[in-house]
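Structure record follows, encoded as C-alpha cells.
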Amino acid sequence: MAQPEGAGGDLAARVSTLRAQVRLLFDQNRQRGAAAWSDARFDFVAPSSAHYPFQWLWDSCFHAVILAHLDPPRARSEIRTLLVNQHADGRISHMTLWERDQYEHALTHMALQFTRSPYLSDISQTPVLAQALERLHELAPDQGFLDETLPQVVRFYRWWKDVRDPDNDDLVAIIQPDESGMDASPRYDRLMGLPADASDEDLFFRMGQLLGMLTDLRWDPARLWSEPPFLDEDVLVNAAFADGCASLERLCQAAGLNAGADWAGKQARATARALVAKCWDDEACCFWDLAGRGEEPQRVLTVAALVPITCEGVPAEVVRRVVAVHLSPGSPMWPRFPVPSVSPGEPSFRPGAGPLWRGPSWMATNWLLWRGLRRHGYGELARLLAARSLTMVETGGLREYWDPFEGTGYGAEGFTWGALVLDMLADEVAPA
Ligand code: GLC
C-alpha cells in the first residue's frame with residue numbers, strides 16, 4: 001500500500017532536524033530581563049530578532065504551543081509575561097515594548113499605535129490564548145499554573161464579549177486591521193479605502209489616518225461604536241474567539257471554575273451559531289466578514305473565510321462543503337504549498353513579498369485549519385496539510401510567509417511561526 005505523503009521513516013528524522021533548528025531560533029530570539037518602566041520581569045520569544053524584537057499577543061500564544069513541546073517552563077514564562085500587563089478591563093495589548101528604548105528603530109509606523117501608553121499598544125489581537133493554555137496543559141499539566149492564570153484568561157475573553165460586541169449579536173468586532181493579526185488582508189480594503197494593488201505606502205498612509213481618527217475618539221468604546229472609523233466583525237477573530245471559549249470551558253471545568261465554564265461554553269456555542277447564521281454564504285461555501293454597523297459582507301476570498309471550520313459548533317455539513325470546495329488538493333486555495341492567505345483568483349492576490357497577508361501562505365492560519373480538520377474528522381487532510389507545511393518550511397526556511405506555488409520564503413528572517421509544524425506533526429512522530 002502506498003504511504004501517505006509525508007509519512008515513512010524519514011519523517012521522524014526531518015522533524016528532529018526542524019526541532020533542533022527551532023531550539024536554536026527560540027534561544028536566539030529569547031528576550032529576558034527587567035523593564036525600567038515596570039516592576040515585572042519578562043521572558044518571551046521575539047517573533048524575529050531583527051524585524052520584530054517586541055512581544056506580540058498572538059505570537060506569544062503560538063510560542064507557548066511550540067515551547068510546550070520543547071521546554072514547558074519557558075512556555076509558562078511566555079504566558080506569564082503576556083498576562084502581567086493585562087489592563088483593568090481585561091484587555092491585553094497586541095504589542096508590549098519591554099525594551100522600547102533599545103529597539104525604537106524597529107518600531108517605524110507601529111509607533112502610532114501607542115497613544116495611551118508608550119509601552120502597551122492601544123489595540124488587542126486575535127484571542128488564541130485559551131487554546132495555547134489548553135495545549136500546554138495537555139502536554140505538560142500543571143494545575144497550579146492553571147489556577148494561577150485561568151481567571152485572567154477568562155477576563156480577557158469576557159473583555160471581547162463585553163466591550164467588542166456592542167450590538168450583542170455574539171460576533172465580536174475589531175476596530176483596526178492589525179487587531180486580527182492579518183494586517184493588510186484585502187478583505188479590509190473597502191473599509192480602508194485601498195485599491196486592490198495597494199502598496200506599503202498606501203497602507204501606511206491610510207493606517208496613519210485611521211489611527212489619528214481612533215485617537216481623536218479617545219478609544220472610547222461608545223464612540224467607536226456610534227461613529228466607527230473602522231468596524232469589522234472578522235470571521236478569523238470570531239472563529240478564534242469561539243474556539244478559545246470552548247478551550248476555556250474545558251479548562252475551567254478542570255479547575256473547578258464553574259461560573260467560568262458555564263459562561264465560556266455558552267459563548268462558544270453562541271458565537272459559532274452566529275458565524276453560521278450571519279457570515280456563512282451557502283453559494284460561495286465560506287464565511288464573510290461583516291463590515292460596519294450595516295454588517296456588509298466583505299466578499300473577498302481569503303484564508304480567514306475558511307478558518308471558522310476550527311470551531312466545534314460549526315455543523316458537519318458546513319465543514320464538509322468548505323473542505324470539498326476550498327480545501328481539496330487541486331482547488332485554488334490548495335496549491336502546492338497551501339493555504340494561501342488570498343485566493344489566487346482574487347485581483348489583489350500577490351504570491352511574493354509585499355504588503356502582508358495578500359497572497360502567501362502563513363503558518364498561523366495553517367495551524368488553525370489543521371485543528372479544524374482534525375476536530376471534524378478530516379485526519380488524512382490534516383496530515384497532508386501538516387506534511388506540506390513541513391516541506392514548505394524546509395524549502396523556504398523559517399521565514400514569515402511563503403510563496404504558495406514555489407515555497408520560497410519571504411518577509412522577516414529567523415521568524416518563529418514555522419515551528420508550529422512541530423505541533424502539527426507531534427502525533428505522527430515520537431518525541432525526540
Ligand atoms: C505582522 C503580522 C502579525 C504579527 C506581527 C508580529 O504584523 O501580520 O500577525 O503578530 O507581524 O509577528
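What to note about this one:
- Filtered residues of the stretch 333-345 (kept if in a loop (DSSP other than H, G, I, E, B), open to solvent by less than 40 Å² (accessible area, probe 1.4 Å) and not small (G, A, S)): M333, W334, P335, F337, P338, V339
- Single condition D101 does not satisfy, out of (1) under 21 Å from the mean Cα position of the chain (by Cα); (2) assigned to a helix (DSSP H, G or I): (1)
- Restricting the stretch 401-432 to residues that are among the small types (G, A, S) and assigned to a loop (DSSP other than H, G, I, E, B), the residue that is farthest from the ligand (Cβ to nearest atom): A430
- Which listed residue is among the aromatic types (F, W, Y) and on the phi > 0 side of the Ramachandran plot, from W402, W357, W362, W370: W357
- Sole exception among (1) within 19 Å of R14 (Cβ to Cβ); (2) away from the ligand (no atom under 16 Å from the Cβ); (3) open to solvent by less than 10 Å² (accessible area, probe 1.4 Å) for L373, by number: (1)
- Pairs where the first residue, in the stretch 233-244, is in contact (Cβ under 8 Å) with a residue 40 or more places away in the chain and closer than 14 Å to L306 by Cβ and the second is open to solvent by 10 Å² or more (accessible area, probe 1.4 Å) and among the hydroxyl-bearing types (S, T, Y), C-beta under 8 Å, 6+ apart: none
- The set of residues from the stretch 358-375 being touching a helix residue (DSSP H, G or I) at 6+ places or on another chain (Cβ under 8 Å), of a type outside the set (K, R) and part of a loop (DSSP other than H, G, I, E, B) comprises just one member, W362.
- Under the condition of being of a type in the set (F, W, Y) and either closer than 15 Å to A75 by Cβ or touching a helix residue (DSSP H, G or I) at 6+ places or on another chain (Cβ under 8 Å) (or both), the residues counted in the stretch 410-432 number 2.
- Options D101, D142, D122, D89; residue that is under 14 Å from L251 (Cβ atoms), charged (D, E, K, R) and out of contact with any His (no Cβ under 7 Å at 6 or more places or on another chain): D142
- Residue among D39, D27, D59, D43 that is of a type in the set (D, E), more than 16 Å from the ligand (Cβ to nearest atom) and assigned to a helix (DSSP H, G or I): D27
- Exactly one residue out of A242, A261 is modelled with pLDDT of 95 or more, in contact with an Asp or Glu (Cβ under 6 Å, 6 or more places away or on another chain), surrounded by 14 or more Cβ atoms within 10 Å (Cβ to Cβ) and part of a helix (DSSP H, G or I): that is A261.
- Residue within the stretch 183-192 that is of a type outside the set (A, V, I, L, M), more than 15 Å from the ligand (Cβ to nearest atom), open to solvent by 40 Å² or more (accessible area, probe 1.4 Å) and outside any helix (DSSP H, G or I) present: no
- Out of T17, T108, T115, sole residue that is more than 15 Å from the ligand (Cβ to nearest atom), at pLDDT below 95 and of a type in the set (S, T, Y): T115
- Considering the stretch 376-400, and only residues there that are open to solvent by 30 Å² or more (accessible area, probe 1.4 Å) and part of a helix (DSSP H, G or I), the residue that is farthest from the ligand (Cβ to nearest atom) turns out to be E380.
The values are calculated or read from the model by the stated rules, or taken from the named source; none is laboratory data. Computed from a prediction, not measured in an experiment: that's the story for all the values here. Here Cβ is always computed from backbone atoms with ideal geometry, including for glycine, and neighbour counts include all displayed protein chains. Surface areas here come from the heavy atoms of the whole protein model, side chains and all, with no ligands, DNA or RNA. Shrake-Rupley method; radii C 1.70, N 1.55, O 1.52, S 1.80 Å.
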